[in-house]
Each structure stands twice: as C-alpha cells, then as structure tokens.
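Worksheet: one structure, shown below.
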C-alpha cells in the first residue's frame, strides 16, 4: 500500500507535469480542481515548489515553470553520457552531410521518444519541428520506429492495441501481424526510413543506438528534404547514419564497462 507520505509527494511532483505548451500557466485553484485536492493542500505544494524555484509567479496571476529547470537542462547537457560520446561523432557526420540536413539524437521517454540533441547542417532553413524536448509517439517517424522495433514484444503489442485505428489509417499495419512484421523488418535491416510522417516533405533515416547488452533506448536520425534525395544519396545517408550509430553504440558499451 502506498504510504500517505509517498502519495503526498507524488501529488506534488505531478504539478509541474500539468504545464504544457498549450497551457503554460496554472493557478492554485485550477490545480486543486485538476488533481482533486483541497485548496489548502494545493497552496502548500505551490509554496514548496516556488521555494525550490520549480515554479515562478506570472505577472497578472498564475504560475509557470521556474528557472530551476533551465539549470537542470544545462547540467544534463554537460554531463549526459550519450551527448559526451556522441558529440564528436555527430560533428564528423554533419561535416559529410549537405546543407539542410538535421541530425537528431533521441531517447525513450514516458512511452514516447524525445529528441535530446539536434544538430543543423547549414542554415535555419533546414530546421524541423522535432526539436530537443519534444516527445513523439513510439510509432511515428523513423526516429521512433527504429527504437520500437528493438523493444520487447509486450511493448510493441501495447502500442498496437492502444493505437490500432491510427496505425491502420497511416498504413503501418492492417492488423497486429502486419504491424509486428514491419517492426521485425526494421530490426533485421538495421535502419528505418520514413517519409513525411513528422514534417511534410521531409525524409527521416534512423538507426538504433545500443547501450550494451543489446539494450536500445536511443536512436540517431538524419532528416533531409525528400525531393533532394535520389537512390544513390539515400544509400549514402543510410550508410552514414548506420555507421555513426554503431560508433556511438561501441563508445557507450565501453563507457558501461561491458565487453564489445
């Protein structure tokens, strides 16, 4: 049974997760109603979160996420093992790519896949909507699907059952058997290619990153303009992404102390 202390902590920690791009400002009354807690309890939680600067007051009323998260983001950028080992490899890969290409490092996050690092080759004209901190469904785009393809059977089955209608409409599998076969094919090939699944006119090529013991929580992707890709360039992109993902996987395995 969950203790009262744990339950109280969980309710307080749930408050920052209410803040989204669509709703960045909340009041104490609104949070009280949303979480089903008393005004006095909500106010007490807010005071604690404000004291640690997880929340900040908004002029005119309400609260938004506080500056503590900015500091946390800097710490993550500076200390994340994936970013540390992948940085030089990404830079070398970017040097071989044409302007307009976007390189993405992504990881699983709360039953989704989130971009954790983005490198743009050339000008901002090539920017994509899949930027750092944005979660995407596990089944949308090459970046996500190459990770899903390496997940346990039960994870894949759950995603299919929860999203069967969408998957059928998107042509990703008329039934579980077809969807599962598509994921097995991605895993066998070692990469995934998608077209206009996240941004119109964009083509994504992704490969899984292994963190030792065949464990996959990350992927490396190159996103390019589909209209500028012929068969020869697609083959070069696939080779470049797969090779770079392999190098990152080897570096992570060495870092974890496991034998390659």
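Using only Cα atoms, what is the ratio of the radius of gyration of region 4-69 to 2.2 N^0.38 Å?
Relative to the 2.2 N^0.38 Å estimate, region 4-69 comes out at 1.02.
Could you give the angle, 0 to 90 degrees to the nearest 10, between helix 68-79's Cα long axis and the longest principal axis of the Cα atoms of the chain?
Rounded to the nearest ten degrees, it is 30.
Using only Cα atoms, tell me the angle between helix 81-95 and the longest principal axis of the chain; keep it within 0 to 90° and round to the nearest 10.
With both axes taken from Cα atoms, the answer is about 40 degrees.
With semi-axes √(5λ) of the Cα gyration tensor in Å in mind, check (i) 36, 22, 20; (ii) 28, 21, 16; (iii) 31, 20, 19 and report the label derived from this structure.
Label of the calculated value: (i).
Quick one: compute the contact order of region 41-171, relative version, from alpha carbon pairs under 8 angstrom and 6+ residues apart, as a percent.
Relative contact order for region 41-171 comes out at 13 percent.
Run the numbers on the chain and let me know its relative contact order in percent, using alpha-carbon pairs under 8 Å that are six or more apart.
Relative contact order, the chain: 14 percent.
Exposure proxy check: 243, 101, 143 ranked by fewest other beta carbons within 10 Å?
Fewest-to-most ranking of 243, 101, 143: 243, 101, 143.
Could you give the angle, 0 to 90 degrees to the nearest 10, between helix 231-256's Cα long axis and the longest principal axis of the Cα atoms of the chain?
Rounded to the nearest ten degrees, it is 60.
Would you mind telling me which residue in 180, 129, 32 has the biggest mean-square fluctuation in a Gaussian network model of the chain, where springs connect alpha carbons within a distance under 10 angstrom?
Between 180, 129, 32, it is 32 that shows the largest mean-square fluctuation.
Ignoring everything except DSSP H segments at least 4 long, calculate the 222 nm mean residue ellipticity for the chain; use -39,500 (n - 2.57) per segment, divide by total residues, nearest 500.
Counting only the DSSP helices, I get -15000 deg cm²/dmol.
Report the dimensions of region 95-213 along its three principal axes from the alpha-carbon atoms, largest first, rounded to Å.
Computed over region 95-213, the largest-to-smallest principal extents equal 42, 35, 26 Å.
Values quoted throughout were computed directly from the atomic coordinates according to the rules given, and no laboratory measurement underlies them. Quick caveat, the model's predicted, so the values are computed rather than measured. Quick reminder, even Gly has a Cβ in these numbers, built from the backbone with ideal geometry, and neighbours come from all protein chains shown.
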